[in-house]
1. For segment 168-275, rounded, prolate or oblate, judged on the Cα gyration tensor with a ≥ b ≥ c (square roots of eigenvalues), a/c < 1.5 rounded, else prolate if a/b > b/c?
2. Please rank 287, 308, fewest neighbouring Cβ atoms within 10 Å first, as an exposure proxy.
3. Once the Cα atoms of helix 236-250 and of the chain are each reduced to a long axis, what angle between those two axes, in degrees from 0 to 90 to the nearest 10, is obtained?
4. Where does the chain land at 222 nm, in deg cm²/dmol rounded to the nearest 500, when only DSSP H runs of n ≥ 4 count, each adding -39500 (n - 2.57), divided by all residues?
5. Round to the nearest 10 and give me the degree value, 0 to 90, for the angle of helix 198-207's Cα axis relative to the longest principal axis of the chain.
6. Please report, in debye to the nearest 20, how large the charge dipole of the chain is about its Cα centre when each Lys and Arg carries +1 at its beta carbon and each Asp and Glu carries -1 there.
7. Taking neighbour Cβ counts within 10 Å as the exposure measure, how do 215, 188, 146 sort from fewest upward?
8. How much length is gained on full extension from residue 236 to residue 4, taking 0.36 nm per residue of separation minus their Cα-Cα distance?
Amino acid sequence: MKRKIYDTLLEWKRTSNGRSAVMIDGARRVGKSFIAEEFARNEYAAHLVVDFAKASRRVKGYFEDYLDDLDTFFMYLSAAFKVALVPGNSVIIFDEVQRFPRAREAIKYLVADGRFHYIETGSLISIKKNVRDIVIPSEEFHVKMFPMDFEEFLWATGNGQMQPIIERRFAERAPVGEPMHRQIMSVFRQYLIVGGMPQVVKTFAETHDLAQVEFEKRNILDLYRDDIHKFAGAQRQKVAAIFDDIPAQLSKHEKKFSASALKDGALIRDYDGAFEWLKSAMTVNVCYGAAEPNVGLRLNMDRTTLKCYMADTGLLVSLAFDENELATNDIVNRLLNDDIEFNEGMVVENIVAQMLRAAGHKLYFYSKSDRLDASNRMEIDFLVAKSRTQSRNNVSPIEVKSGRKYSTVSMDKFRKKFAPFLGESFVLHKKDVQIKDGVTYLPLYMAPLLAGN
């Protein structure tokens, strides 16, 4: 399974040359261990994997007893794993390092020693339980790993030849052409349903059996729920309530998360810790409201106004329809054929959030209510800042449309009100590329390319 993060690891190896360890942080089952081991096998003469989910007490003891004698430490570690490490051309992987924070703290001394390279992988890396009583090493280079993006999905399903066409037509702002557009949208609907979790994508690519795909996704959802109950501590009830309510929250016309739907009278700030836990677990993507589309969206961020998306849209589909597996299979088949009446906007907006986040964007939106003045009432799904700041026109508004017929009333009002701040305006929809009245209309599958815009 080809992943873009491999190139990031190559760049780290080239530029760091052992002066830092790389930390791959991501949700459970997103492929961290696989990519770390594949990279180690391909790029080093020897590698050793310490999996702290099953490491023995004896191995953990090496980190307590021998860090002041690294010759002995490496001798015992090599013997325990029956691996002959080659100084200058070996990498040691600390897998699931959050389960043994002492090993993470040891990175400072191991990197300073300089004999070997180090890759760490983990989930829930930043929650208090996993950093308590240790000094976080400054020698860590952090890389976040997300579910497979659409281009990686194209590679995995044998459709990689579509990506150059998508990129070229995006750059030209020119239509793809109806036959090719239909083909790409067909694969994109598969991506909507399957999502980007590697094992699920692998199952789909090998079998095209949606029942097996659904089985894999439900296993991951069960694992996430289990993690919440095991590791969320005093927050577990609030975290579980948010997690299970995501489909209902996204199915509303206004997708802003309402804490009062979880508990009468509750406010978003009452759930701050729970949202932070889910963000740390990287199982959700949180999109914050911005007061205005100005330079530095974070400076205008309102933490009490947010939307909460699932980090993987395939999992959202399974979570939304988990009351009946047979019904889910029917819904999935109809989704594939674009032949179902339900709030598809929930799924489509979630996949755009997923693609923008994987492409490197923090997520922001704009929402304004005004009972007295209709011209002030508007909601823009996403705001994206340019990669290079200019004196003006730095933020692009994005509206996401799931239906074939729609209006752009909010976009029109927003562009009129904030014209000096705005760059190119985009509508992401099911149709081909079109430019009309100063707005660029793009097919949904071009959303990741907005990162370089």
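1. Cα axes put segment 168-275 in the oblate bin.
2. Starting with the residue having the fewest Cβ neighbours, the order is 308, 287.
3. Value to nearest ten degrees: 30.
4. -13500 deg cm²/dmol
5. Helix 198-207 sits roughly 70 degrees off the main axis of the chain.
6. In total the dipole reaches around 1020 debye.
7. Fewest to most other Cβ atoms nearby, the residues stand as 215, 188, 146.
8. 80.2 nm
Only the coordinates and a few stated rules stand behind these numbers; no lab work does. On a predicted model such as this, the values are computed, not experimentally measured, just so you know. Note that we place each Cβ from the backbone using ideal geometry, even for glycine, and neighbour counts take in every protein chain shown.
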